[in-house]
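The values are calculated or read from the model by the stated rules, or taken from the named source; none is laboratory data. The model shown is predicted, which means the values in this text are computed figures rather than measured ones. Glycine gets a Cβ as well: all are built from the backbone with ideal geometry, and neighbour counts include every protein chain shown. Heads up: the accessible areas ignore ligands, DNA and RNA and are worked out on the full protein's heavy atoms, side chains in. Shrake-Rupley method; radii C 1.70, N 1.55, O 1.52, S 1.80 Å.
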Amino acid sequence: MKKCTIIYNPVSGKKDFDQHLNYVTRRLEEHEYSVKLYATERPKHAISLTKQACKEEVDLLLISGGDGTMHECLNGIAHSTFQPIIGYIPSGTACDLASTLKIPKDVELAMDIILNHGQVVKMDYTNTNKGSFIYVTAIGTYVDISYVTDSKLKKYLGYLAYIITGIKEFFTIPMIKTKIEHDNGFLRGYYSLILVVNSKKVAGFNIVSHPVLDDGKVDVVVYKYIPLLNNLLYFISFILSPKVLPGVTKFRTSKLKIYTDHPHKWNMDGEEADGGNLNIQVQKQALKIIVDPSIVNKYFKEQE
Ligand SMILES: Nc1ncnc2c1ncn2[C@@H]1O[C@H](COP(=O)(O)OP(=O)(O)OP(=O)(O)O)[C@@H](O)[C@H]1O
């Protein structure tokens, strides 16, 4: 028998993954897996559950949740010597990573990819001095809405609480004094938003038009602080996605150091991390994940 550990977040997205547990377990058993099943019981629990699965050298680590759950599981894998093959059933709210990797939220279709016609690819992830991330780390306007919104306000107003924080941020764009060292030199200036990306999608927007997810490099997108015009710059960049836009600098790099003493926190895969200087090392092709074969030639151009 092959070994499979399932880790799922019962509070991500519509909170209904429990309904599919029997189906998922049955499909795995039909494919000769012995299954261990764990629901995360608190934030960061997925990290220790993943470390345990890595210690047991499972043949398949099946993760269900949103980007935050994937982020936590990655942080378990990054501290382990054994690297399991990941099968992913997206069940979160945004699921940017699944959207880039074309893994459907439909449980039956996702299981078909994992067990039948999917392909294991080796994807990059990134280690930093503040933890590891899979697809994005960001600092600046709007990226902190999910965790700076007052929890009491969220309880009483729900989604409206996020909109209120968003409106507040619309009028208080941060001016982040930054120095960025990369493969071909450095940038220095005042920025309102900095994105480090290994993905096509971020927050549902197409941020990188032609990402390569296995080349040992990240895409960096920086938005200059331009008083009164910052929101217009975001709108044009996110919605219209022109190739070139004054005030927006894009480049791809394998080495990256970002120096800032701005009080804003970094956002990693949608989760809050510490603020301050960021020192990143891309782990080339270090994450094994099952994806739909239709995207392999498109985003994984350097498979070894
Ligand atoms: N039992 C639990 N109770 C409360 N929070 C939990 C529990 N298990 C995990 N979490 C936390 O839930 C948070 C949200 O998870 P996740 O990001 O997977 O879902 P989501 O926010 O709905 O999806 P997305 O990030 O794709 O929009 C994570 O920060 C995780 O630490």
Binned at 20 Å starting from 0, the alpha-carbon pair-distance distribution of the chain in whole percents comes out as 33, 57, 9, 0
What share of the DSSP beta bridges in the chain is antiparallel, in percent to the nearest 5? 70
Accessible area per residue, 1.4 Å probe, Å², for segment 209-304: what's the number? 51
Provide the per-residue ³J(HN,Hα) series for segment 167-181, in order, calculated from phi with Karplus coefficients 6.51, -1.76, 1.60 and θ = phi - 60°, each as a whole number of Hz, with x at glycine and proline positions. 5, 4, 5, 4, 9, 10, 5, x, 10, 9, 6, 9, 10, 10, 9
Debye log10 I(q)/I(0) at q = 0.12, 0.15 Å⁻¹ for segment 2-117, Cα point scatterers: -0.36, -0.57
Take the solvent-accessible surface of the protein heavy atoms, probe 1.4 Å, and return the percent of it on segment 131-283 that carbon and sulfur atoms account for. 60
Nearest 10 degrees, 0 to 90: what angle lies between the long axis of helix 67-77 and the longest principal axis of the chain (Cα atoms)? 70
Total formal charge among the other residues, if their Cβ is under 13 angstrom from that of ILE176, Lys/Arg +1 and Asp/Glu -1: +3
For a quick protection proxy, order the peptides 13-23, 194-204, 277-287 by their average other-Cβ count within 10 Å, most packed first. 194-204, 277-287, 13-23
Across every pair of different alpha-carbon atoms, what Kirkwood hydrodynamic radius in Å does segment 171-234 reach? 13.2
Give, as a single signed number, the net charge of other residues whose beta carbon lies under 14 Å from the beta carbon of GLU57, with Lys and Arg counted +1 and Asp and Glu -1. +4
Within 10 Å, count the other beta carbons around each residue, average over each peptide in 67-73, 98-104, 246-252, and list them highest first. 67-73, 98-104, 246-252
Please give the net charge around TYR142, taking every other residue with its beta carbon less than 12 angstrom from that of TYR142, where Lys and Arg add +1 and Asp and Glu add -1. -1
With a probe of 1.4 Å, find how much accessible area segment 69-184 has per residue, and write the answer as a whole number in Å². 44
